[in-house]
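The values are calculated or read from the model by the stated rules, or taken from the named source; none is laboratory data. Given the structure is predicted, the values throughout are model-derived calculations rather than measurements. Neighbour counts run over all protein chains shown; Cβ positions are idealised from the backbone, glycine included.
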Amino acid sequence: MFDQSKVILLTGASSGIGLETAIQLVERGHRVYATMRNLDKRTALDQEADRRNVKLRVLQLDVKDQKSIEQCIKTIIASENRIDVLINNAGSGFIKPMEQATMEEIQQVMDVNFYGPIRCCKAVMPYMRKQKSGHIINISSVGGIVGSPVNEIYCAAKFALEGLSESLATYLEPYFGINISLIEPGGTITEFGNSLTRYFESTGGILDDDYKPLMETYMGYRATFTEEFKERAFQKPSDIAAVIIKCIHDPNPKVRYLTSEGSLAFTKLKTSLDPDGELMKAQVRKGILDK
Ligand SMILES: NC(=O)c1ccc[n+]([C@@H]2O[C@H](COP(=O)([O-])OP(=O)(O)OC[C@H]3O[C@@H](n4cnc5c(N)ncnc54)[C@H](OP(=O)(O)O)[C@@H]3O)[C@@H](O)[C@H]2O)c1
């Protein structure tokens, strides 16, 4: 049990990483507000909480809906008078070559994965500044560091989240006492992959056009992600939850946490000199703020 119970707001708790993280945080004694956009989907979380004998507070929050964010934060502040940790976990993948994606689809991907975390950050930061403490944890991806084929729109959204977080990390802590960290998982066994494949298929799948050879190759690669392969090569939500908890309990939270040897290896060409982002943060601070 962690000796200091924190008030934690977590988005996207209906499944996967969010669901498991919510439960593990309560198991470690924190006061967790597990939120989801559609409360009709709370059964899986409720059942797991019952099974593991933990008490969760569940609230509605759609990261695309400013009003729902404000209402949720108002409710938490009314009962706790503080928010110590915001975990921006809600997110969704997207596969389609940029040229074939509609502007509406591209805006949707940015809305959930980038504007959503911004909305939540902007809404909690006044309280964290008043407290002179807080920790914002943005769930990014190895796709926020390395671009990959047919995932360019999703990667662009996570790159944006990385740029935002790295920039905020240069001044939020020294000026306002707020830490900000990125968690960067690689493949993790959740609904994430199934949802993006379902969406791709529902919007026409592989089209009979110039992109067909590329898409057939790419979808052939995805077809190698059998259950047996994922069991062997992917992480589990509990692995990612453990990294998130390590980050929350870290007395000196780092800018970035790669979640496995695999994600470290995948991003190595870009991250080997500064895997946790602390050297770059110090260098930027030194050049601009430490005058
Ligand atoms: N799984 C991976 O391989 C992987 C790898 C790297 C990074 N990540 C990141 O990890 C995070 C969690 O994903 P996951 O793997 O746990 O996938 P998941 O099982 O699909 O969970 C995604 C969660 O985000 C929620 N969500 C989607 N749109 C939302 C919105 N507008 N408002 C609020 N919640 C919304 C989903 O709610 P609904 O149930 O209502 O859809 C669900 O609770 C995401 O940010 C993802 O990008 C995942």
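Here region 2-20 is the region considered, the condition is being more than 9 Å from the ligand (Cβ to nearest atom) and in contact (Cβ under 8 Å) with a residue 40 or more places away in the chain, and the residue that is surrounded by the most Cβ atoms within 10 Å (Cβ to Cβ) is LEU10.
The condition of being touching a His at 6+ places or on another chain (Cβ under 7 Å) and either under 15 Å from SER141 (Cβ atoms) or at pLDDT 95 or above (or both) holds for only one of PRO237, PRO253, that being PRO253.
The helices (runs of 4 or more DSSP H) found wholly in region 160-247 and carrying at least 1 residues that are farther than 28 Å from GLN24 by Cα, away from the ligand (no atom under 14 Å from the Cβ) and of a type outside the set (D, E, K, R) occupy 172-176, 192-202, 212-223. Among the residues of region 166-210, those identified as surrounded by 13 or more Cβ atoms within 10 Å (Cβ to Cβ), of a type in the set (D, E, K, R) and closer than 29 Å to GLY262 by Cβ are GLU166, GLU184, GLU191. Note on region 222-256: residues that are in contact (Cβ under 8 Å) with a residue 60 or more places away in the chain and polar (S, T, N, Q) total 1.
Each residue in region 233-272 was checked for being among the basic types (Lys, Arg) and surrounded by 20 or more Cβ atoms within 10 Å (Cβ to Cβ), and 1 of them qualify.
Could we say that GLU184 is touching a helix residue (DSSP H, G or I) at 6+ places or on another chain (Cβ under 6 Å) and of a type in the set (Asp, Glu) here? Yes; evaluated as a whole, the condition is true for this residue. Considered as a group, the residues in region 105-145 that are in a strand (DSSP E or B) and more than 22 Å from LEU196 (Cβ to Cβ) include one that is nearest to the ligand (Cβ to nearest atom), and that residue is ILE137.
In the set (1) within 16 Å of the ligand (Cβ to nearest atom); (2) in contact with a strand residue (DSSP E or B) (Cβ under 9 Å, 6 or more places away or on another chain), ASP84 fails one condition alone, (1). When region 27-44 is limited to residues that are surrounded by fewer than 22 Cβ atoms within 10 Å (Cβ to Cβ) and closer than 15 Å to PRO237 by Cβ, the one that is nearest to the ligand (Cβ to nearest atom) turns out to be ALA44.
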